[in-house]
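Notes to accompany the following structure.
Where a number appears in this text, it was derived from the coordinates with a stated rule and is not lab data. Note that the structure is a prediction, hence the values are computed from the model and not measured. Quick reminder, even Gly has a Cβ in these numbers, built from the backbone with ideal geometry, and neighbours come from all protein chains shown.
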Amino acid sequence: MSVSNMLENWSKFRHMHPVDDKPHEEYKWAMAIDLDACSGCNACSVACYAENNLPVVGKQKFDAGQQMHWMRIERYWDDDGREFPDQGAQFMPMLCQQCEAAPCETVCPVGATNHTADGLNSQVYNRCIGSRYCSANCPFKVRYFNWYDYPTTDNVWPAEMTQQLNPDVTVRGKGVMEKCTFCVQRLERAKNNARTEGRLVHDGEVQTACQQACPTSAITFGNLVEPESKVAKKWAHQQVELAAKDVQAKDEQEGGSDLRGYRIFEELRAYPSVMYLERVRESAI
Amino acid sequence: MIENSFNRRDFLKVLGWGGTAVALSGCGNTSIQDGVETVVSYVEPPEYAIPGISVYFNSTCAQCDAGCNITGRLREGRVLKLEGNPNSVINHGKLCGLGQAGVQAHYNPDRVREPLLRNGDKGEVIAWDKALGLINEKLSGVKGDEIAFLTGGLSGHVKVLLNNYLEALGSKNHYAYEAVSPSVVRAANKKAYGVEMPRLRLDKAKVVVSFGADFLGAWVSPVNFSQQYAKFRKADENGRGVLVQIESKMTLTGANADRWIVIRPGTEGILALGIVNALGASGVSLPADVAAVSKAYSSERVSKDTGVPAEQIEKLAALLKERSPSLVITGSAAEGYAHGSQNAAAIALLNRVLGNIGKTIEAPANVPFPQVAVTTGNRSSVQALNDSLANGKIKVLFSYGTNPVFTAPTALKFKENLGKVPFKIAFAHYLDETSREADLVLPLDSALEDWGTSVPEYLGEASQLSIQQPLMEKLHPNTKGLGDILLALLKQRREKEYKDYEDFYSYLRSAVVKNKSALGGSGEDDDTFWTNTLSNGIVPFSASSNNLSAKSSAAGLVLPPPADENSGYPLHLIPSVTASLRDGRHANQPWLQESPDPLTTIVWDSWVELHPKTAAKLGIVEGDIVEVTSRSGSVKAQAYLFPGIHPDAVSIPLGNGHVALGRWAKDVGVNAFGILDQVVDKETGELALNETRVKISKTGKRVFIVKDEGAVGGSQAGVKIAVRVSTDDVELSGEV
């Protein structure tokens, strides 16, 4: 691509998502996470380790902030100074939000992270040079860097443990950034199967590993383009729009509406593909 | 799926050996690297084996007693991942983190690979036939009652063989020991409802009041309860369910409650009677025996004893009266005292008064074959065994699936008494603290390599036999299945009876197929029935359900006053059972160690939870290494300031502090089992886990706690990240 071509046709190559004139065609993968159902049990996180060949880094590296949990549970307490947290804790499954206008994408000097046609924020490991700009620019802090070559690090995957590695997923080497992919290997397989049969992927045909494990079914995943999909219905009911122009319907009303769907850091206009449903607490007790 | 022309025997081999055929032609990494084996493509590939395409086999999770049904994903003969079996009535396709870590139990590099015979401090490799011969030799001349078998909770056909073996030896000494089982609750349930483990219908309840039952984390059957909980929380025709959790130390379930009520340790029964009394005062009719017991428990008095505000008690009573049916659950927090049985009995009265029995507390399904039903483990059995050991009554001890040297209270001197047994045989996956003491260690197949059946204690919607089958070829050639070893031992005694069974697989097949008409297979030929059984991984029992018999009287129920101030040991120690580490047997699975504790977010260590108020009084800040001393011992660990705990209590999680068990468990954290006082529940004789009193002192050292929560320690710092909304401000009814 010549520079002049790129500059002349800038809008074609650097397409700001989401835009009305160029909607997603077949697929737009999205999620809804119900914080009222989530119990904070960590099953999703372990499922992610199993599915995506995440290394266990050990205490010392964890302390240095080098843990590799693509899916983590954040736990918050109330800030109101009460003696006891008598309405429990707040759990928050945090994973890559697959932003439509991802802040990480624009800063990558080598184009290693970019947007796919079905709305994923992809990471090309082979292209990554490890500048870590993307991680610095991620508002959700969900990008994880390989500070070490884990396959050759002691006690990460010793002996037989290598046999558990998922052959559908690369084992990343030193100096590469990685993050949640919405289990792209599962998506690709489902899409391939569907294409072979001349159809689109059915709703529910593909699950992410975290969704599949979740004991309370707090995670809904699917194709937002398909209006009958569970996830699209949830987004529609909560009136959360992927490409909300200014504010979401919920936030337009004074004091909020009686809906509970929201996206984190909506104000940054990264347009995340993960909608959260507020945790509910009974007022009668 | 199967063509008629396909040779049935081959097909059975395929399914029956759970992927062995694939494994044979798959790549054992090391042997290829060593040049022992070469990669040869299929000349005639098995019909179902397409390189790059996964196959799935059903089996049963062995990580905890809930016994969830699992589906293993295999590629080229290696098991990669475990999922829940969607057809299970227990876990409905879901699986917790502990269950998923089952692959790490299987691939663990620290597994025992050869039979080991003690020679001084060392274990020397010995051949299997010699090992089995040695057992026979050591048993000769030993009387039946000098032989004992120590296991954890046990069910299925392995239990049948074990009982037969004990019978053949003339021994009745089967001790089933589980360090953190709900054993007092079982006894109390038996009295109150007529069954030890009724079916709990969270999904039907409008209000759930749990006295310290961590049913979303580590209690009984967490995946089943979690799914019910999700339904309970949905705003369906019952409305959104309300969860109230009452405990002294916040559990995962407590962290999910609409109202978490902190209570003075040990006064749970008093609060229960206070609620009963408040219900009576608000017009709920109380049976005469209940009224007689509860009338002394006015809200003011109860509030004084428990530390729960009187208006909170009345509010809770009003909620329970208004929203029926409700469900009241007794958990380990309430049972862990010398008066644990009375606590549990008082709490069970609430269900009686509220009319929940038969509505949200239902009879479990019958298990029509009692010989395979579960023998649940408890804590008193290890005390009984310990007495026999101390008296030198036991000459030969078999142990399997439990680790009393690690978990039994120090006061029992279990390890010392174990040394008095002349010959100890351990069936082991790893060299843990108990099997390390054995004279002969027999290496077991992993749960993903072995055959078996199980019947869980908590049955869920229906009773069933869960099938455990090998998901792949054995990793190590010299391990054996427990069933196979027991069968070999039985053949030493009852050759005639068992000679037709070549191995445990053939025994199992024959035992299941023999009963096919009772197992829904009447009309099917044996092979078809067996094939379907393995393919489903589940055999439903056709069984009627029991009736609950709620006959217990409240008369005679006496609760002790709250525990006195104890100046020497001012704090209550509440050892916490976490969802991933439980009693510590899985501490060598690195996913579980690196999985942050949900409440503190701490990894790879133990900690001491203190209320910030208590910590301030003692001048302790986060990361201080503190010494926690009880009458039975002391441990040193990092202090963590935790708002979800009673100021008179401290909590240390169980499960870490191993001195053996492999590279990921050894020397991680401290063992809180070691400082528990030997105090038992007066009625059942079960060790009272929360009765230990402790004092705390600073050691002067301080560390940075390795944890996942950020620098602001769980505050959202005014940013809208995880949002909570009151039921008043949200419309849930139309939600999809």
So, with points 7 Å from each Cα along the Cβ direction, the B:Lys720-A:Tyr148 label distance in nm works out to 4.1
Computed over all unlike Cα pairs, the Kirkwood hydrodynamic radius of the protein assembly as shown in Å stands at 30.0
Per the C-alpha gyration tensor (a ≥ b ≥ c, the square roots of its eigenvalues), chain A is rounded if a/c is under 1.5, else prolate if a/b beats b/c, else oblate; here it's rounded
A convex hull over the alpha carbons of region A:18-66 yields, per residue, a volume in Å³ of 175
What the 10 Å binned alpha carbon P(r) of chain B shows, as percent of pairs per bin from 0, is 3, 14, 23, 25, 20, 11, 4, 1, 0
Rounded to one decimal in Å, the inverse mean reciprocal Cα-Cα distance for region B:91-157, i.e. its Kirkwood radius, is 16.2
Highest mean packing first, using Cβ neighbours within 10 angstrom, the peptides B:69-80, B:277-288 sort as B:69-80, B:277-288
Applied in sequence order to region A:187-200, the curve 6.51 cos²θ - 1.76 cosθ + 1.60 (Karplus, θ = phi - 60°) yields integer Hz couplings, x standing for Gly and Pro, of 5, 5, 5, 5, 5, 4, 4, 5, 4, 4, 8, x, 9, 9
Asserting the computed 222 nm helical MRE of chain A (DSSP H runs at least 4 long, -39500 (n - 2.57) per run, divided by residue count, to nearest 500) equals -5500 deg cm²/dmol
Cysteines of chain A without any disulfide-compatible partner (other Cys Cβ under 4.7 Å) are A:Cys38, A:Cys41, A:Cys48, A:Cys99, A:Cys108, A:Cys128, A:Cys138, A:Cys183, A:Cys214
For region B:94-132, listing trypsin sites (Lys or Arg not before Pro) in a DSSP loop whose Cβ sees at most 15 other Cβ atoms within 10 Å gives B:Arg113
Using alpha-carbon positions, the gyration tensor of region B:571-702 gives root eigenvalues a ≥ b ≥ c; with a/c under 1.5 called rounded, otherwise prolate if a/b exceeds b/c, else oblate, the class is oblate
Percent antiparallel among DSSP beta bridges confined to the protein assembly as shown, nearest 5, equals 60
Taking every DSSP bridge whose two residues both lie in chain B, the antiparallel percent to the nearest 5 is 55
Nearest 10, in degrees from 0 to 90: the angle of helix B:128-139 to the longest Cα principal axis of chain B is 60
The computed P(r) of region B:444-525 puts the percent of Cα pairs beyond 14 Å at 70
Averaged over the residues of B:516-529, the number of partner chain Cβ atoms within 10 Å of each residue's own Cβ comes to 0
Loop-resident trypsin sites (Lys or Arg not before Pro) in region B:345-454 with no more than 16 other Cβ atoms inside 10 Å, DSSP not H/G/I/E/B, are B:Lys359, B:Lys393, B:Lys413, B:Lys420
Each label sits 7 Å from Cα toward the beta-carbon; between B:Ala292 and B:Val558 the label points are separated, in nm, by 1.5
Of all trypsin sites (Lys or Arg not before Pro) in region B:240-318, the ones in DSSP coil with at most 14 other Cβ atoms within 10 Å are B:Lys295
With the charge dipole of region B:383-517 built from beta-carbon charges (+1 for Lys and Arg, -1 for Asp and Glu) about the Cα centre, the Cα from B:Gly460, B:Ala488, B:Pro470 projecting farthest to the positive end belongs to B:Ala488
With -39,500 (n - 2.57) per DSSP H segment of 4 or more residues and division by the full residue count of chain B, the 222 nm estimate, nearest 500 deg cm²/dmol, is -8000 deg cm²/dmol
What the 5 Å binned alpha carbon P(r) of region B:184-362 shows, as percent of pairs per bin from 0, is 1, 9, 19, 24, 24, 15, 7, 1, 0
Nearest 10, in degrees from 0 to 90: the angle of helix B:380-390 to the longest Cα principal axis of chain B is 60
Using alpha-carbon positions, the gyration tensor of region B:497-603 gives root eigenvalues a ≥ b ≥ c; with a/c under 1.5 called rounded, otherwise prolate if a/b exceeds b/c, else oblate, the class is oblate
To the nearest 10 degrees, the tilt of helix B:183-193 (Cα long axis) against the first principal axis of the alpha carbons of chain B is 70
Mean other chain Cβ within 10 Å across A:77-84 is 5
In nm, the gap between the two label points placed 7 Å beyond Cα toward Cβ at B:Glu416 and A:Ala64 is 4.5
Rounded to the nearest 5, the percent of DSSP beta bridges in region B:560-691 running antiparallel is 55
For peptide A:274-281, the mean count of other chain Cβ atoms within 10 Å per residue Cβ is 5
For B:Asp503, placing the label point 7 angstrom along Cα-to-beta-carbon and taking region B:463-489, residues whose amide nitrogen sits under 20 Å are B:467-489
To the nearest 0.05, the calculated FRET efficiency linking A:Asp79 and B:Arg113 through their beta-carbon distance, R0 being 60 Å, is 0.70
